[in-house]
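S.K.: Once you've had a glance at the structure underneath, I'll fire off some questions.
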Amino acid sequence: MYAQMVETGLKKVQAVEDMSAEEQAFQARIDAGVKIEPKDWMPEAYRKTLVRQISQHAHSEIVGQLPEGNWVTRAPTLKRKSILLAKIQDEAGHGLYLYSAAETLGVSRDELLDALHSGKAKYSSIFNYPTLTWADIGAIGWLVDGAAIINQVPLCRCSYGPYSRAMIRVCKEEAFHARQGYDIMMKLAQGSPEQKAMAQDALNRWWWPSLMMFGPSDANSVNSAQSAQWRIKLFSNDELRQRMVDQTVPQAEFLGLTVPDPDLKWNEERGHYDFGEIDWEEFHNVLKGNGPCNRERLRTRVKAYEDGQWFRDALVAHADKQAARKAA
Ligand code: BYC
């Protein structure tokens, strides 16, 4: 993929001969598959790229709790409620692993949260869509966590040690999340005509935003070439998106649901599904803060943070008291 990206000439990566001796040694370690650890020397741009990606990823995990949290009180059974609660708690855990991984790069959690709350930092576009019915909870597990797994399994092998290790645990939990989502969809698809229509409606609304999760097309992905050279990205946005389509279409067929894409067609020659054009205008609009729920999500996050201030103060006061007691 790296060669392919360099060929496109989109964003030139640094040629080895233009690198300093330190940079060359660093690149040689990456090329040899050696993990980079927090205390190792690294180019400033590598550190910055990781802080950007890992913190966006962390923010996505905790903002991702909000659309699902919307259905905790309305889950149809006690069992579904406890499964959903466990899933949402897992997402908080993923946020914690990821903020911790970002902190190993010399940035503080307060700085990262401040960037999120002030609207400076990005988080995944997918969480700016509303959860209108219970079927949306099924669609999120199946499609959104499904897409997350496809994107994150390769990250378990990325070059930065703390990020790659965090991803291993995250992916294990995501597998359970995707299963629970598919199980909800299955129940609805096999239920009454109204329930099946609800499942179809959720698929209609979540299909395209889920494909957008993989980011802009390779031709427009500004960060990919450099991230590929540093083995942060092992596959391109389009490669992973294709994997998502190939994996998910048969699952939709099994449910008896229709993927909302008139151009979707198996291509025997390529051995992949061909699929329609993504509405990139919608994607960029969501990234600019104009998706259906951007403002609401940010408001809810900021309020949750402010409401929790007394608890964080109490924790610090307790820790100070313990430290004073020990010192006495
Ligand atoms: N949404 O050059 P590109 C989850 C931005 S959590 C928003 O291709 P890159 C879950 C991109 O950041 C899922 N922004 O960038 C949680 C860049 O902007 P900046 C989250 C997007 O980084 C709870 C610009 O567009 N997963 O599944 O090489 C409940 C150009 O893009 C998006 C991760 O974060 C987007 N969809 O590649 C349930 C995975 N796409 O920063 C489920 C880790 C692109 O230059 N991240 N942008 O201003 C990655 O793998 C990569 O960062 C991406 C983008 C593939 C997302």
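S.K.: Hey, can you tell me all the residues within region 273-292 that are within 15 Å of Asp263 (Cβ to Cβ) and of a type in the set (Phe, Trp, Tyr)?
M.R.: Taking region 273-292 first, the residues within 15 Å of Asp263 (Cβ to Cβ) are 273-279.
Hits for region 273-292 are Tyr273, Phe275.
S.K.: For region 58-90, how many residues meet the condition of being of a type in the set (D, E, K, R) and away from the ligand (no atom under 13 Å from the Cβ)? Quick ask: steps written out before the conclusion?
M.R.: Of region 58-90, the ones of a type in the set (D, E, K, R) are 61, 68, 74, 79-81, 87, 90.
Restricting the remaining residues to those that are away from the ligand (no atom under 13 Å from the Cβ) gives 74, 79-81.
The qualifying residues number 4.
S.K.: For region 91-102, does any single residue satisfy the condition of being under 28 Å from Leu255 (Cα atoms) and within 11 Å of the ligand (Cβ to nearest atom)?
M.R.: Yes.
S.K.: May I ask you to list the residues in region 240-250 that are surrounded by 17 or more Cβ atoms within 10 Å (Cβ to Cβ) and in contact with a helix residue (DSSP H, G or I) (Cβ under 8 Å, 6 or more places away or on another chain)?
M.R.: Result: Leu240, Arg241, Arg243, Met244, Val245, Thr248.
S.K.: Further question on the same structure: In region 254-308, what residues are of a type in the set (Asp, Glu), open to solvent by less than 100 Å² (accessible area, probe 1.4 Å) and outside any loop (DSSP other than H, G, I, E, B)? I'd like the intermediate steps shown before the answer.
M.R.: The first filter runs over region 254-308 and keeps only residues of a type in the set (Asp, Glu), leaving 261, 263, 268-269, 274, 277, 279, 281-282, 296, 306-307.
The next check asks that each one be open to solvent by less than 100 Å² (accessible area, probe 1.4 Å); those that pass are 261, 263, 274, 279, 282, 296, 307.
If the condition is that a residue be of a type in the set (Asp, Glu), open to solvent by less than 100 Å² (accessible area, probe 1.4 Å) and outside any loop (DSSP other than H, G, I, E, B), then Asp274, Glu282, Glu296, Asp307 are the ones that fit.
S.K.: Among all residue pairs at least 6 apart or on different chains, which show Cβ distances below 7 Å where the first residue, located in region 301-325, is touching a residue at least 24 places away in the same chain (Cβ under 8 Å) and the second is among the hydrophobic types (A, V, I, L, M, F, W, C) and open to solvent by less than 60 Å² (accessible area, probe 1.4 Å)?
M.R.: Arg301/Val63; Arg301/Leu116; Tyr305/Leu113
S.K.: Here's another thing I want to ask about it. Please indicate, with yes or no, whether at least one residue in region 92-108 is in a loop (DSSP other than H, G, I, E, B), open to solvent by 50 Å² or more (accessible area, probe 1.4 Å) and not β-branched (Val, Ile, Thr). So that I can check it myself, show each step before the final result.
M.R.: Looking only at region 92-108, we keep the residues that are in a loop (DSSP other than H, G, I, E, B), and these are 104-108.
When the remaining residues are screened for being open to solvent by 50 Å² or more (accessible area, probe 1.4 Å), the result is 104, 106.
Of the ones still in play, those that are also not β-branched (Val, Ile, Thr) are 106.
The answer is yes; a qualifying residue exists.
S.K.: Here's something else I'd like to know. Among the helices (runs of 4 or more DSSP H) contained in region 153-235, which hold 1 or more residues that are of a type in the set (Val, Ile, Thr) and open to solvent by 50 Å² or more (accessible area, probe 1.4 Å)?
M.R.: Working: elements: 161-189, 193-212, 224-229.
Correct list: 161-189.
S.K.: Exactly one condition in (1) away from the ligand (no atom under 14 Å from the Cβ); (2) touching a Ser or Thr at 6+ places or on another chain (Cβ under 9 Å) is not met by Arg165; state its number.
M.R.: With (1) away from the ligand (no atom under 14 Å from the Cβ); (2) touching a Ser or Thr at 6+ places or on another chain (Cβ under 9 Å) applied to Arg165, the lone miss is (2).
S.K.: Residues that are touching a helix residue (DSSP H, G or I) at 6+ places or on another chain (Cβ under 6 Å), of a type in the set (Lys, Arg) and under 24 Å from Gln247 (Cα atoms): does region 98-120 have at least one?
M.R.: No, the conditions are met nowhere in region 98-120.
S.K.: Here is a check on your reading of the model: is Ile150 β-branched (Val, Ile, Thr), part of a helix (DSSP H, G or I), open to solvent by less than 20 Å² (accessible area, probe 1.4 Å) and under 19 Å from Arg301 (Cβ atoms)?
M.R.: On the way: β-branched (Val, Ile, Thr): yes; part of a helix (DSSP H, G or I): yes; open to solvent by less than 20 Å² (accessible area, probe 1.4 Å): yes; under 19 Å from Arg301 (Cβ atoms): no.
Against the criterion (β-branched (Val, Ile, Thr), part of a helix (DSSP H, G or I), open to solvent by less than 20 Å² (accessible area, probe 1.4 Å) and under 19 Å from Arg301 (Cβ atoms)), Ile150 does not qualify.
S.K.: Separate question: Residue check, Ile149 against (1) under 16 Å from Leu240 (Cα atoms); (2) in contact (Cβ under 8 Å) with a residue 40 or more places away in the chain, all met but one. Which one?
M.R.: Going through the list (1) under 16 Å from Leu240 (Cα atoms); (2) in contact (Cβ under 8 Å) with a residue 40 or more places away in the chain, Ile149 breaks only (2).
S.K.: Also, quick follow-up: Determine if region 26-45 includes at least one residue that is in a helix (DSSP H, G or I) and within 14 Å of the ligand (Cβ to nearest atom).
M.R.: In the first step, residues of region 26-45 are kept if they are in a helix (DSSP H, G or I); the result is 26-31, 44-45.
Filter once more, so that each one left must be within 14 Å of the ligand (Cβ to nearest atom): 45.
Yes, region 26-45 contains at least one residue that is in a helix (DSSP H, G or I) and within 14 Å of the ligand (Cβ to nearest atom).
S.K.: I've got another one for you. Need the failing condition index for Asp246 against (1) free of Cβ contacts under 8 Å to residues at least 40 places away in the same chain; (2) within 16 Å of the ligand (Cβ to nearest atom), just the number.
M.R.: Looking at each condition in turn, Asp246 falls short on (2).
S.K.: Same structure again: Give the residues of region 118-143 that are aliphatic (A, V, I, L, M) and closer than 21 Å to Thr49 by Cα, sorted by residue number. Talk me through it step by step, then tell me what you get.
M.R.: As a first pass, look at region 118-143 and keep what is aliphatic (A, V, I, L, M): 121, 126, 132, 135, 137, 139-140, 143.
Within region 118-143, Ala121 is the sole residue that qualifies.
S.K.: Looking at region 266-277, I want the residues that are within 11 Å of Asp246 (Cα to Cα) and have a partner that is of a type in the set (S, T, N, Q) and surrounded by 11 or more Cβ atoms within 10 Å (Cβ to Cβ) with Cβ atoms under 8 Å, at least 6 apart or on another chain. Which pairs are those?
M.R.: His272/Gln242; Tyr273/Gln242
S.K.: Tally up the residues in region 114-138 that are assigned to a helix (DSSP H, G or I) and either open to solvent by 20 Å² or more (accessible area, probe 1.4 Å) or within 11 Å of the ligand (Cβ to nearest atom) (or both), please. So that I can check it myself, show each step before the final result.
M.R.: Quick first cut of region 114-138, residues assigned to a helix (DSSP H, G or I) only: 114-117, 125-128, 134-138.
So of that shortlist, the ones also either open to solvent by 20 Å² or more (accessible area, probe 1.4 Å) or within 11 Å of the ligand (Cβ to nearest atom) (or both) come out as 114-115, 117, 125-128, 134, 137.
Total meeting the criteria: 9.
The values are calculated or read from the model by the stated rules, or taken from the named source; none is laboratory data. Keep in mind that this is a model prediction, so the values were computed, not measured. Reconstructed Cβ throughout: ideal geometry from the backbone, glycine too, with neighbour counts over all protein chains shown. Surface accessibility is based on the protein's heavy atoms, side chains included, excluding ligands, DNA and RNA. Shrake-Rupley method; radii C 1.70, N 1.55, O 1.52, S 1.80 Å.
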